[in-house]
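Reading through the structure tokens given below for one structure.
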Amino acid sequence: METTAQSKSRSLITGLLTIALGVLAVTSVGVVLHHSSADPQPKEYATIKGTIVGPDGKTYPHAFLKDGVYPDPVSSKAHGTCATCDGGHPSWPSYGPYTHFVLPAHTYVTIDLVVYDSGGNLNTPYFGNVVGTVAGTATYDGVTKANLDPTAVEHTWTLHGVPTTTQDPLFVNVPLPMNTDSEMKAYNDDPTKLPKGHIVEFSFITGGKGEYLWNCEYPCGDTSYQGFGAVMGSAAGYMGGKVSVI
């Protein structure tokens, strides 16, 4: 029969083991969260070149950056030169060579994107509209437009942030025009030969400092989740990234 002392000793050991396991679990979660919050995405810092008068009549620093959208990760140069290394995905489309953009606060920002991928139908036609840019428009190969045909969109660049009391709201959506089957033929025959691509330019004005996310709203993932699986949901740095306003 177990004595009272033995019972107390066993209870103490059980309690200590429970605490130890709890500490281990918390530590493991901390390690996972730290790893998840790491920032391996290549950064591009906007370059300020002079000033410009905004639509509100105020004069702002004028910052510029350039990026692209590609039908594969190697062409994007955002993932190295080996599409299959480190769990890479050779068939995934990708922005590149940058997916983390660093912008100055209270600045008129102009972004140029050269886009090389095919496309199709948006799940939600709303994202065929240009939203949050200066004048509510973007230029497509030099032609100013406020929207694109939602059945002929390549990807979107959609910038947003979780509403907080500590940073200014910032929402921008720019649909990107698809390259047609004929424009993609050379690439489909030989993935080293990109199509000519389309040039998209748009501008918006940043507020105060903050951390934001951008993503694509075109269903370019696999067939799960209405086209939003795989590249759309399992890895940052392909069809999603960050914007830091500093």
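Observations, loosely collected:
- Residues of segment 144-196 that turn out to be assigned to a loop (DSSP other than H, G, I, E, B) and buried (at least 19 other Cβ atoms within 10 Å of the Cβ), as a count: 6
- Look at (1) modelled with pLDDT of 95 or more; (2) within 20 Å of Asn121 (Cβ to Cβ) and you find that Lys185 fails only one, number (2).
- Members of segment 85-95 that are buried (at least 21 other Cβ atoms within 10 Å of the Cβ) and either modelled with pLDDT of 95 or more or touching a Pro at 6+ places or on another chain (Cβ under 8 Å) (or both): Trp92, Pro93, Ser94
- Residue match in segment 53-64 (condition: modelled with pLDDT of 95 or more, out of contact with any Gly (no Cβ under 7 Å at 6 or more places or on another chain) and of a type in the set (Ser, Thr, Tyr)): yes
- Only one entry in Asp168, Asp181, Asp189 is of a type in the set (Asp, Glu) and without any contact (Cβ under 8 Å) to a residue 40 or more places away in the chain, namely Asp189.
- Selection status of Val153, touching a Ser or Thr at 6+ places or on another chain (Cβ under 8 Å), assigned by TED's automatic domain parsing to the domain that holds Pro71 and modelled with pLDDT of 95 or more: no
- If the condition is being of a type outside the set (A, V, I, L, M, F, W, C) and in contact (Cβ under 8 Å) with a residue 40 or more places away in the chain, then segment 148-163 contributes Glu154, His155, Thr156, Thr158, His160, Gly161.
The values are calculated or read from the model by the stated rules, or taken from the named source; none is laboratory data. A quick note: this is a predicted structure, and the numbers were derived from the prediction, not measured. FYI the Cβ positions are ideal-geometry reconstructions off the backbone, even for glycines, and counts take in every protein chain you see.
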